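Enquirer: Would you mind keeping the following structure in view while I ask a few things?
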Amino acid sequence: MSHFLCGEIVFRETGEPGYSEALFLMIEASAKLRLCVQFGVNVIQKIVFDILGSKPNRIELDRLPFFVVGSPIANTSDEIFYPPTEQFSPNERASYLTSKIDDLIAWVRIVSEAENTIGMTIYFSEGYDTNYKHESCTLEEFPRTMYRTLLPPADVPSTKISIEWAE
């Protein structure tokens with residue numbers, strides 16, 4: 001079963017030039033963290049829009065969809081949650097997952113600093129799921145929420161995390 005890490009970044013305003021600049025900042029940050037993030041119409045998996053409850057041909061810029069894939073040539077998020085080889089011990093997998101969680105936390109912090117962003121929603125999904133455990137947290141609580149949700153490294157739970165930060 002394929003895994004998906006996706007969501008929406010919520011903007012207060014999408015006017016130029018700040019909006020484009022914010023997106024470039026997010027793309028730069030994800031590349032530096034070795035995260036492959038697709039935005040808006042560049043999201044390759046249509047199932048992501050099903051998960052988000054939106055339409056790929058009606059993208060709202062103030063709730064910009066994103067999809068984190070495992071590598072530049074991947075079409076799922078499997079490599080975010082699971083090492084590319086099965087030969088990892090449980091401790092090595094926990095270490096690998098912790099590293100990926102740290103990268104995601106760092107990226108979310110950078111997104112929160114971008115002009116006009118006011119929050120985001122993140123989904124962890126195993127395949128197409130319609131039942132998500134819903135968590136809400138502040139930016140400060142987000143790291144603890146991530147670790148509690150994804151560690152210990154068992155199966156990835158279908159979870160929706162809503163994060164709000166100060167305007």
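The values are calculated or read from the model by the stated rules, or taken from the named source; none is laboratory data. These numbers were taken from a predicted model, which means no experiment stands behind them. In this analysis, Cβ positions are derived from the backbone assuming ideal geometry, glycine residues included, and neighbour counts consider all displayed protein chains. The area values use the complete protein model at the heavy-atom level, side chains included, leaving out ligands, DNA and RNA. Shrake-Rupley method; radii C 1.70, N 1.55, O 1.52, S 1.80 Å.
Enquirer: Non-local amide H neighbours of Leu139 (under 5 Å, H modeled in plane, Pro and chain starts lacking H): which ones?
Expert: Those lying under 5 Å, H to H, from Leu139 are Glu164.
Enquirer: Here's a follow-up. Work from the charge dipole of the stretch 3-156 (Cβ charges, +1 for Lys and Arg, -1 for Asp and Glu, about the Cα centre) and give the residue of Thr130, Gly53, Ser77 farthest towards its positive end.
Expert: Thr130
Enquirer: Per DSSP H run of at least 4 residues, take -39500 (n - 2.57); add these up for the chain, divide by its residues and hand me the 222 nm value, nearest 500 deg cm²/dmol.
Expert: -11000 deg cm²/dmol
Enquirer: Name the helices (complete DSSP H segments) of the chain with a Cα length along the long axis of 27 Å or more and a Kyte-Doolittle mean of at least -0.5, or state none.
Expert: On the way: long enough: 90-113 (35 Å, -0.17).
Helices passing the filter in the chain: 90-113.
Enquirer: Using the heavy atoms of the protein chains and a 1.4 angstrom probe, tell me the accessible area per residue for the stretch 107-167 in square angstrom. Walk me through the intermediate numbers first.
Expert: Working: 3090 Å² over 61 residues.
With the other protein chains kept in place, the stretch 107-167 gives 51 Å² per residue.
Enquirer: Which residues' amide hydrogens lie under 5 Å from the amide hydrogen of Thr76, considering only partners 5 or more residues apart or on another chain, with H built in the peptide plane?
Expert: For Thr76, the qualifying residues are Gly70.
Enquirer: Would you work out what percent of the accessible area of the stretch 1-116, with all protein chains in place, is carbon or sulfur (probe 1.4 Å)?
Expert: Details: 3130 of 6180 Å².
In the stretch 1-116, the share of accessible area belonging to carbon and sulfur is 51 percent.
Enquirer: So what is the diffusion coefficient of the chain in µm² per second by Stokes-Einstein at 4 °C and 1.567 mPa s, using a Kirkwood Rh over Cα pairs? List each step's numbers first, then the result.
Expert: Numbers: Rh = 16.1 Å.
Using the Kirkwood radius from Cα pairs, D works out to 81 µm²/s.
Enquirer: Using +1 on the beta carbon of Lys and Arg, -1 on that of Asp and Glu, and nothing else charged, what's the dipole of the chain about the Cα centre, debye to 20?
Expert: Working: 14 positive and 24 negative charges, 61 e Å.
Using Cβ point charges on Lys, Arg, Asp and Glu, the chain gives about 300 debye.
Enquirer: To make sure I understand the rule: partners must be aspartates and glutamates, Cα under 18 Å from the Cα of Lys133, and not fewer than 8 residues away in the same chain. Which ones qualify?
Expert: Glu8, Asp50, Glu141, Asp155, Glu164
Enquirer: Something else about it: Please list, ordered by chain and number, the residues whose modelled amide H lies under 5 Å from the amide H of Arg12; skip anything fewer than 5 residues away on the same chain.
Expert: The answer is Thr117, Ile118.
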